[in-house]
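Colleague: I'd like to ask you about the structure that follows.
The values are calculated or read from the model by the stated rules, or taken from the named source; none is laboratory data. All values derive from a computational prediction rather than experimental measurement. In this analysis, Cβ positions are derived from the backbone assuming ideal geometry, glycine residues included, and neighbour counts consider all displayed protein chains.
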Amino acid sequence: MNKKLIIFDMDGTVYLGANLIDGALDAFDYLKKNNIEYVFFTNNSSHDLEFYEKKVKNFGIECSLEHNFYSSTEVTIGYLKDRNIKNIYVIGNKCLKDKLKKHFTLIDKYSENEEVDAVVAGFSTELVYQELKDACLYLETRDIPLIATNGDYRCPIEDGLYIPDCGGMCEWIRLCTGKTATVLGKPNPEIIYYLAKQFNVSLDEVLVVGDRLYTDILVGVNAKVDSLCVLSGESSLEDVKSYPHKPTYILKSIKELPDLLGK
């Protein structure tokens, strides 16, 4: 298999919470030895990229912030800038708000007279009810969009458990306001096109690896690149069989990745 760039999901694919997937270190050693580039892309906007770099490095995987990491936060910033959006109300963790503050004016709370161009929602582990309330009021009283950093309904953690993610939060907002979120991050194919261009590879030379069908696998389908679903995170083999958009490959975990790439 002639692949020059592997785009990895992280949680559920490379690790589960605080636990590295068995065999992951050997898989990344294989990529380094065979000069195959890799990027960690996360839909999770609740942490900055420095957090992920530190976490991955602590597992013993060779990586650098500038070369190996990208997230839905960067996608969101680019999207907002392209549309000349300046004033936003944000639901998200402090790190997301701090990053957006560098580029946009953030509105702190609901006001009838406040000028707001969009509501931006990210995965928030610091969520309070007032944020949801203010976001809904802005969306109900103005003709503005709801923009989501990602559409994941739940986030996998240790022991086969899950916690609510951005997509689930946006469903609550949709049921209240009737407005459906414009979802950035995976499965938006623009991410794949951007990374292929950055690494100067063709789409045929790209492989997307992840555990979630409606984000990791669907982004590969949408971008028309090969995808690998690992069964170490959210999706089971039964889920894959019933999902309408099939991955190119299925493995138990990335421990088996070197064997697949060597074929």
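Rundown of residues vs (1) out of contact with any Lys or Arg (no Cβ under 7 Å at 6 or more places or on another chain); (2) loosely packed, with under 14 Cβ neighbours inside 10 Å, yes/no style:
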site	(1), (2)
LEU137	yes, no
ILE147	yes, no
PRO156	yes, no
LEU175	yes, yes
VAL183	yes, no
VAL201	no, no
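Colleague: Between ILE61, ILE7, ILE21, which is within 16 Å of the chain's Cα centre (by Cα), buried (at least 17 other Cβ atoms within 10 Å of the Cβ) and of a type outside the set (Phe, Trp, Tyr)?
Modeller: ILE7
Colleague: Here is a follow-up. Given the conditions (1) surrounded by 13 or more Cβ atoms within 10 Å (Cβ to Cβ); (2) small (Gly, Ala, Ser); (3) outside the structural domain of ALA223 (by TED's automatic domain parsing), which single one is not true for ALA27?
Modeller: Of (1) surrounded by 13 or more Cβ atoms within 10 Å (Cβ to Cβ); (2) small (Gly, Ala, Ser); (3) outside the structural domain of ALA223 (by TED's automatic domain parsing), only one is false for ALA27: (3).
Colleague: A follow-up question, please. Do any strands (runs of 3 or more DSSP E) lying entirely in segment 21-113 carry at least 3 residues that are more than 21 Å from ILE6 (Cβ to Cβ), and which ones are they?
Modeller: Once the strands (runs of 3 or more DSSP E) in segment 21-113 are filtered for at least 3 residues that are more than 21 Å from ILE6 (Cβ to Cβ), what remains is 87-91, 105-107.
Colleague: Identify all residues within segment 211-250 that are touching a Cys at 6+ places or on another chain (Cβ under 7 Å) and either within 16 Å of LEU261 (Cβ to Cβ) or among the polar types (S, T, N, Q) (or both); write none if there are none.
Modeller: SER235, PRO247, ILE250
Colleague: Okay, next question. So how many residues does segment 171-221 have that are under 26 Å from ILE21 (Cβ atoms) and among the aromatic types (Phe, Trp, Tyr)?
Modeller: The total comes to 2.
Colleague: Take residues that are among the acidic types (Asp, Glu) and touching a residue at least 40 places away in the same chain (Cβ under 8 Å) and tell me which of the helices (runs of 4 or more DSSP H) falling wholly in segment 200-263 contain 1 or more.
Modeller: none
Colleague: I'm trying to understand the selection: among the residues of segment 24-76, which are among the β-branched types (Val, Ile, Thr) and closer than 23 Å to GLY151 by Cβ?
Modeller: Matches in segment 24-76: VAL39, THR42, THR73, VAL75, THR76.
Colleague: Collect the residues in segment 124-142 that are among the β-branched types (Val, Ile, Thr) and not in a helix (DSSP H, G or I), keeping them in residue-number order.
Modeller: Answer for segment 124-142, where residues must be among the β-branched types (Val, Ile, Thr) and not in a helix (DSSP H, G or I): THR125, VAL128.
Colleague: Still on this structure, please answer the following. Got a number for residues in segment 61-84 being touching a residue at least 40 places away in the same chain (Cβ under 8 Å) and small (Gly, Ala, Ser)?
Modeller: The qualifying residues number 2.
Colleague: Can you name every residue in segment 84-138 that is of a type in the set (Gly, Ala, Ser) and touching a Gly at 6+ places or on another chain (Cβ under 6 Å)?
Modeller: Answer for segment 84-138, where residues must be of a type in the set (Gly, Ala, Ser) and touching a Gly at 6+ places or on another chain (Cβ under 6 Å): GLY92, GLY122, SER124.
Colleague: Please state which of the following conditions ASP159 fails to meet, knowing it meets all the rest: (1) under 30 Å from VAL116 (Cβ atoms); (2) free of Cβ contacts under 8 Å to residues at least 24 places away in the same chain; (3) of a type in the set (Asp, Glu).
Modeller: Condition (1) is where ASP159 drops out.
Colleague: Can you name the residue in segment 71-121 that is surrounded by 18 or more Cβ atoms within 10 Å (Cβ to Cβ) and of a type in the set (Ser, Thr, Tyr) and is also farthest from TYR138 (Cα to Cα) among such residues?
Modeller: Checking each candidate, the answer is SER71.
Colleague: Taking only segment 54-97 into account, find how many residues are among the acidic types (Asp, Glu) and either modelled with pLDDT of 95 or more or in contact with a His (Cβ under 8 Å, 6 or more places away or on another chain) (or both).
Modeller: Residues in segment 54-97 being among the acidic types (Asp, Glu) and either modelled with pLDDT of 95 or more or in contact with a His (Cβ under 8 Å, 6 or more places away or on another chain) (or both): 1 in total.
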